[in-house]
Amino acid sequence: MSSSSPITTTAGQLWLAEAAGADTPEALAAASDRLCAQLRAGLGNWIGGDGLATLLQRALDRAAPAHPALAALTARRGLIDGVAAAALAHGPAAVSAGILAVVNSLVELLSRLIGEELALRLVVQHPPRRDRADAKGSSNG
Amino acid sequence: MAERPRDPIELLATGVPGLDEVLGGGLPEYSFNLIAGGPGAGKTTLALQTMFAIASAERPALYFTLLGEPTLKLLRYQRQFSFFDAARVGTEIRFINLSEEVLLDDLGQVLERIVAEVERTTPSIVVIDSFRTLARSGPAASGRQFELEQFVQRLALHLTTWSVTSFLVGEYTDQEVRNPIFTVADGILWLFQAVDRNSVVRKLQVIKMRGLATMPGLHTIRMTDDGLQVFPRIPERPKHGASPQGERMSTGIAGLDDMMGGGIPAGDSIVIAGPTGSGKTTFGTQFVAEGLRSGESAVIAVFEEHPDEYLRRTKSYGVDLAEAVRRDKLKIIYLRPLDLSVDETLEEIRSSVRRLGATRVVIDSLSGFEMALAPTFREDFRESLYRLVSALTGVGVTVLMTVETVGDQGDIQFSNYQVSFLTDDIIMQRYVEIEGQLQKVLAVVKMRGSRHSRDFRAYEITATGIHLGELLRGYDAISSGIPKLEVRLPEARFPGLTRGEVLVLEMLTLVPDASTAELAQRIGAPLGELEAAVGRLLELGYVSRGAADDRYRAMARPNTS
């Protein structure tokens, strides 16, 4: 896959929108939570919370072999656990690169299922105002 | 008292070809509908296709999925259809997954979420799929039927007051028609799927649609790359009767029009029935060619021969149908697959007739048509065919159908189609043995409300088509296939002649320029008696000498009346 494909571009934009400037383990964990809440409010609204959680777990499993910093992370109920601890152990940059790979893998998986055009539309959907507020509220960071 | 003008309900185009016709014009705006049926019948596709047709940027569509089909799978498969425009997803078409609310087993929360989404979006159309999930996993399953009934009532009320057209999609069986949802719904569309041997047949029935005169019965549906298509059962039309001007359509076969009192009455249905190889297809071709020569358009439905082969063969009759096809004056419909439904075949014919403004239709043959159908549809074949013929002749189209006859019985056998019920006119063909030779003969058996010849007439098929020959007068039992030359003795018409002399005279009428030896052989009389009879007939002026001295021919008869 080309590094400048629409999938990688979209994944990068999604992650950077939340993780830009997150250079501490705590900030990275908060960025990860916001991203997951964003996906849950947007994509999850379409495919269901269970659907999103399954997709996220699968994306993490696919990305982990190439990113040792992801080894200790787990996807649970649509959230990625263990981000702060992993950032302490491997450094925020390595974990950030790993999470970017997870997002990339998630969009790629979705594209395989429903086609790239539709997948990109669904992941960049802006969540409803109410759900955005909920998402921000549910973030721990 | 002046009648108050009615405020008509607006009807929405569903985007499903044929469905609006079945519904009686379209889907009533703000109606609360149920799409029911078994798995795989096409319920979700029908709902989505309609959504894409109705939704707009100002009034989007909301598609709520419950526990039935995971949204990812739904999107994966539905996006294959041409109506599924991914560019509209997210703006005009929105999917909302309610599986978490459903799993909480709290219908109040499910309703609250639907209400919130609808209020926020102000959609034009709402689909809840699969609604059946609530009944299986929710309150009904745990004995709280009343709660489910309340939920349905409140949902229907909300959706109606929001001015939303809605569909609940669910798997139901025939035994569940007492379900409260069936009472509340304004419209119920029921989809069926039946597997018969190797064919799959889908059908749709509009159980009810408030405020509309829907088309009754089961309508065939087919799933293609474009989604669902409904083939409405063609409604029966009252026969218009003979053409007001008494217009006749030429058959294109010299002499046959005269036998039919001037041709086929315009708007009649006619059957050409005959054994294999008797030239039924050629009849049809000449009928169409004659129409094309007169500037008419025509449709031919062939089932036993590929159009290319058909066109190639007709060229040898001096008829270039290919050119007519190119000029869009002729449509050749070739339908061969073995899972065809009658309705979709008939719709193909009907739409072609409409498009070309065709006045002549040939169906060649009914036997091939029936064979091309899925087994399930063969049961309805005769009834559907009757509806097609009525629909076409009702608008003045003349329909010629060919039927292969079976058996070699003395009475006329028209296979299983009850041809007289189907048609106004019948021409029968058959093989007969005359003097050790196989000949083709035809007769006009029936013409509804019209005089016609009752003679059998020999015909030949040559490189240029069908050519009628002489009348088969004097023969009996032609329809048995082995005619007998029976000479009747109209003695009273020839006073003064003996029986034998009359017999000789009649034979000379049938076999002109015959010698006494030939006459003796044909009649089976001794030569001496024959010569005496011929001598007396010569003397009385009934007979004259023929081409040679020993040959004789009958003269114009003296007026003996």
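Condition first: touching a Lys or Arg at 6+ places or on another chain (Cβ under 6 Å) and modelled with pLDDT of 90 or more. Can you find one or more residues in region B:270-286 that meet it? Looking for residues that are touching a Lys or Arg at 6+ places or on another chain (Cβ under 6 Å) and modelled with pLDDT of 90 or more, one finds at least one in region B:270-286, hence yes. Exactly one residue out of A:Asp81, A:Asp50, A:Asp61 is away from chain B (no Cβ under 14 Å), touching a Ser or Thr at 6+ places or on another chain (Cβ under 8 Å) and without any contact (Cβ under 8 Å) to a residue 60 or more places away in the chain: that is A:Asp81.
Can A:Leu88 be described as within 14 Å of another protein chain (Cβ to nearest Cβ), under 22 Å from A:Ala27 (Cα atoms), assigned to a helix (DSSP H, G or I) and in contact with a helix residue (DSSP H, G or I) (Cβ under 8 Å, 6 or more places away or on another chain)? Answer is no for this residue.
Highlighted here are the strands (runs of 3 or more DSSP E) found entirely within region B:29-122 that include at least 3 residues which are within 13 Å of chain A (Cβ to nearest Cβ) and in contact (Cβ under 8 Å) with a residue 12 or more places away in the chain: B:61-65, B:93-97. Of all residues in region B:342-357, those that are modelled with pLDDT under 80 have Cβ atoms under 6 Å from Cβ atoms of residues that are acidic (Asp, Glu) and not in a helix (DSSP H, G or I), 6 or more apart or on another chain, in B:Val342/B:Asp380.
Filtered by the rule that a residue be over 29 Å from the mean Cα position of the chain (by Cα) and within 16 Å of B:Asp186 (Cβ to Cβ), region B:37-51 gives a lone residue, B:Ala47. Take A:Thr74 and tell me if it is β-branched (Val, Ile, Thr), within 14 Å of chain B (Cβ to nearest Cβ) and either surrounded by fewer than 24 Cβ atoms within 10 Å (Cβ to Cβ) or at positive phi (or both). When the stated conditions are applied, A:Thr74 does not pass them.
Taking into account only those residues within region B:40-71 that are β-branched (Val, Ile, Thr) and over 22 Å from B:Ala116 (Cα atoms), which is surrounded by the most Cβ atoms within 10 Å (Cβ to Cβ)?
So the first thing to find is which residues in region B:40-71 are β-branched (Val, Ile, Thr), and the list is B:44-45, B:50, B:54, B:65, B:71.
When the remaining residues are screened for being over 22 Å from B:Ala116 (Cα atoms), the result is B:44-45, B:50.
Details: B:Thr44: 21, B:Thr45: 22, B:Thr50: 28.
Step by step, filter region B:40-71, then rank; the result is B:Thr50.
Picking from residues in region B:151-182 that are surrounded by 14 or more Cβ atoms within 10 Å (Cβ to Cβ) and polar (S, T, N, Q), the one that is modelled with the lowest pLDDT is B:Asn179. Considering A:Leu39, A:Leu55, the condition of being within 11 Å of chain B (Cβ to nearest Cβ) and assigned to a helix (DSSP H, G or I) is satisfied by A:Leu55 alone.
The values are calculated or read from the model by the stated rules, or taken from the named source; none is laboratory data. Since we're looking at a predicted model, the values are computed, not measured. Using ideal geometry, Cβ is built from the backbone for each residue, glycine included, and neighbour counts are taken over all protein chains shown.
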